[in-house]
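The values are calculated or read from the model by the stated rules, or taken from the named source; none is laboratory data. All of these numbers come straight from a predicted model, not from anything done at the bench. Because the Cβ atoms are built from the backbone with ideal geometry, glycine has one as well, and the counts that use them run over all protein chains shown. Just the protein is used for accessible areas: all its heavy atoms, side chains included, with ligands, DNA and RNA removed. Shrake-Rupley method; radii C 1.70, N 1.55, O 1.52, S 1.80 Å.
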Amino acid sequence: MSGASCHIAGVGLLGPGLPGWAASVPVLRGDATWVAADPVLPPPALLAPTERRRTGAVARLALAAAQEAADGQEIAGLDTVFASSNGDGATVGAILDALTTEGGDVSPTQFHNSVHNAAAGYWGIGAHSTRPSVSLGGHDDTLPMGLLQAAAQCAAWNRPVLFCAYDAPLPPPLEACRVTRFPFAMALVLQPGSGGRAALRLWHQAEACAAASPRSGLRDALEDGNPAARALPLLEALAVPRPAGLCWNLLDGGTVRAELAPC
């Protein structure tokens with residue numbers, strides 16, 4: 001099976017003890033000790049002050065990783081795929097609280113932050129982009145399915161694609177239904193042709209992975225705490241850099257498989 005082939009031109013990252021891609025490379029390589037620390041969510045620099053004030057924490061998380069990955073790119077020309085399992089759960093929780101409270105009001109800002117494509121919308125505003133954008137969610141499969149979507153778009157349309165996967169904890173009582181332990185976001189700029197950091201090929205397969213790959217200490221600490229953190233095997237391979245065969249099991253029994261080859 002040929003799969004969808006593309007090249008990785010940029011990487012972004014924000015998570016516990018991972019304050020950006022460049023700063024996190026030594027930790028991902030195993031050259032530095034990972035130290036748990038809450039991620040700092042910076043105000044989105046690409047937005048004007050008015051829009052910046054309206055962003056919620058989840059949008060700031062996604063845009064921080066997306067901006068880092070797209071640094072040096074012509075951002076208005078990037079198609080985008082934003083992938084999140086939970087969306088902005090804090091805003092959804094606040095709206096539900098308001099609806100169950102007598103006289104509770106829902107503000108327009110709360111409403112537009114509650115929709116699943118809020119982060120993609122803010123990106124489009126800040127980047128002055130009219131390019132196609134996909135926002136998707138797939139429970140624990142969100143990362144591999146979103147990555148496959150982005151790679152397929154890049155290969156089929158021969159255009160660069162910004163892919164961003166992100167999730168943040170939900171407030172009570174929603175957290176009891178969907179445990180997410182910490183905020184985490186990663187982003188890649190995928191481009192057709194050659195060049196960039198690494199070549200990437202992805203495809204879907206009906207069979208499950210034969211065996212789980214050995215996990216690093218960082219993966220032990222983070223991979224099960226956030227659906228977007230399933231990107232850590234890919235990020236570790238990019239940081240070394242080294243060739244890698246990757247496999248993500250899906251809830252339906254199939255897999256998304258990938259081959260990574262540094263340029």
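Structure notes:
- Helices (runs of 4 or more DSSP H) enclosed by region 1-94 - at least 1 residues per element that are buried (at least 20 other Cβ atoms within 10 Å of the Cβ) and of a type in the set (D, E, K, R): 57-69
- Subset of region 95-122 (residues that are open to solvent by 60 Å² or more (accessible area, probe 1.4 Å) and in a helix (DSSP H, G or I)): Leu96, Asp97, Leu99, Pro108, Phe111, His112
- Of note, Leu251 does not satisfy the criterion of being open to solvent by less than 70 Å² (accessible area, probe 1.4 Å) and among the aliphatic types (A, V, I, L, M).
- Restricting region 149-186 to residues that are over 24 Å from Pro132 (Cα atoms) and among the hydrophobic types (A, V, I, L, M, F, W, C), the residue that is most open to solvent (accessible area, probe 1.4 Å): Cys177
- Checking each residue in region 147-176 for being small (Gly, Ala, Ser), modelled with pLDDT of 95 or more and over 18 Å from His7 (Cβ atoms) picks out Ala165, Ala168.
- Pairs where the first residue, in region 127-154, is closer than 16 Å to Val189 by Cβ and part of a strand (DSSP E or B) and the second is open to solvent by 10 Å² or more (accessible area, probe 1.4 Å) and at pLDDT 95 or above, C-beta under 6 Å, 6+ apart: Ser133/Ala120
- Within region 9-21, the set of residues being farther than 21 Å from Asn226 by Cβ and more than 14 Å from the chain's Cα centre (by Cα) comprises just one member, Ala9.
- Of all the numbered requirements in (1) touching a Lys or Arg at 6+ places or on another chain (Cβ under 9 Å); (2) assigned to a loop (DSSP other than H, G, I, E, B); (3) touching a residue at least 24 places away in the same chain (Cβ under 8 Å), Cys247 misses one, and that requirement is (2).
- Residues within region 69-94 that are among the charged types (D, E, K, R) and over 21 Å from Gln149 (Cβ atoms), tallied: 2
- Of the residues making up region 222-231, those that are open to solvent by less than 20 Å² (accessible area, probe 1.4 Å) and more than 11 Å from the chain's Cα centre (by Cα) number 2.
- Condition check for Ser194: among the polar types (S, T, N, Q) and farther than 17 Å from Ser5 by Cα: no
- Considering the conditions (1) within 30 Å of Ser129 (Cα to Cα); (2) touching a Phe, Trp or Tyr at 6+ places or on another chain (Cβ under 9 Å); (3) β-branched (Val, Ile, Thr), Thr255 is excluded by exactly one of them, (1).
- Hits in region 134-148 - residues which are more than 14 Å from Thr255 (Cα to Cα) and open to solvent by 60 Å² or more (accessible area, probe 1.4 Å): His139
- Of all residue pairs spaced 6 or more apart or on separate chains, those with beta-carbon atoms under 6 Å, a first member in region 15-29 that is more than 16 Å from Pro42 (Cα to Cα) and a second member that is aromatic (Phe, Trp, Tyr) and modelled with pLDDT of 95 or more are Val27/Trp34.
- The set of residues in region 157-178 that are assigned to a loop (DSSP other than H, G, I, E, B) and within 19 Å of Leu232 (Cα to Cα) comprises Ala168, Pro169.
- Flag for Arg230 being touching a residue at least 12 places away in the same chain (Cβ under 8 Å), within 17 Å of Ser84 (Cα to Cα) and part of a loop (DSSP other than H, G, I, E, B): no
- Residue in region 191-215 that is nearest to Ala83 (Cα to Cα), counting only those that are open to solvent by less than 40 Å² (accessible area, probe 1.4 Å) and in a loop (DSSP other than H, G, I, E, B): Pro192
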